[in-house]
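In what follows, a single structure is set out as structure tokens and then discussed.
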Amino acid sequence: MKPTGVIFFPAFDWAISPTHPEREERLLYTRDQIFEEGIMDMPEVREYHPRLATVRDISRVHFCVPDVESRVTEAHMVSAGCAMVMADAFAQKEVKNAFAIIRPPGHHAMTVVHGNRGFCDINNEAVMVEYLRRTYGIRRLAIVDTDVH
């Protein structure tokens with residue numbers, strides 16, 4: 001049986017404010033629970049490690065004003081890269097499904113990125129989908145996205 005892939009990136013150096021619901025403690029708590037329950041010790045679960053998305057990966061999905069480098073932080077690049085790592089694991093049939101526990105989020109990000117959009121600057125899912133299309137020719141997929149609202 002193929003395992004479930006899990007990747008974790010809490011973005012310790014990226015925050016909106018210490019009391020905002022979208023903060024590192026949310027993911028740290030989730031990770032702690034996963035480890036306490038022994039889920040990561042199960043043979044059906046495989047942990048993966050983050051990588052950086054490139055400016056080109058982001059540019060294929062977003063038009064950033066004035067440019068990607070001035071709008072996107074390293075945390076955004078790692079978060080998008082994590083989604084791409086899980087995409088690779090799935091497309092290469094290493095895993096049957098994947099769970100990316102990552103931040104900053106970004107599923108509300110629009111194609112054009114400008115001004116202060118809070119934490120939705122880069123749409124990690126859109127970057128991943130475009131990566132799957134270009135790299136593996138995948139045209140159909142399902143994404144389960146959880147959100148606080």
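Data table
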{"quantity": "Any pair with Cβ under 9 angstrom, 6 or more apart, that starts in the stretch 95-107 at a residue that is farther than 16 Å from Ala126 by Cα and free of Cβ contacts under 8 Å to residues at least 60 places away in the same chain and ends at one that is surrounded by fewer than 22 Cβ atoms within 10 Å (Cβ to Cβ) and of a type in the set (Val, Ile, Thr)", "calculated": "none"}
{"quantity": "Candidate set: the stretch 48-70, residues that are over 13 Å from the mean Cα position of the chain (by Cα) and closer than 13 Å to Gly106 by Cα; chosen: the one surrounded by the fewest Cβ atoms within 10 Å (Cβ to Cβ)", "calculated": "Val61"}
{"quantity": "Test: Ala75 is assigned to a loop (DSSP other than H, G, I, E, B), small (Gly, Ala, Ser) and touching a residue at least 24 places away in the same chain (Cβ under 8 Å)", "calculated": "no"}
{"quantity": "Filter result (out of contact with any Leu (no Cβ under 9 Å at 6 or more places or on another chain), modelled with pLDDT of 95 or more and either more than 20 Å from Ile39 (Cα to Cα) or of a type outside the set (Asp, Glu) (or both)) within the stretch 89-104", "calculated": "Ala89, Gln92, Lys93, Val95, Lys96"}
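The values are calculated or read from the model by the stated rules, or taken from the named source; none is laboratory data. Worth saying up front: this structure is predicted, and the values here are computed from it rather than measured. No Cβ is skipped: glycine too gets one built from the backbone with ideal geometry, and neighbour counts run over all protein chains shown.
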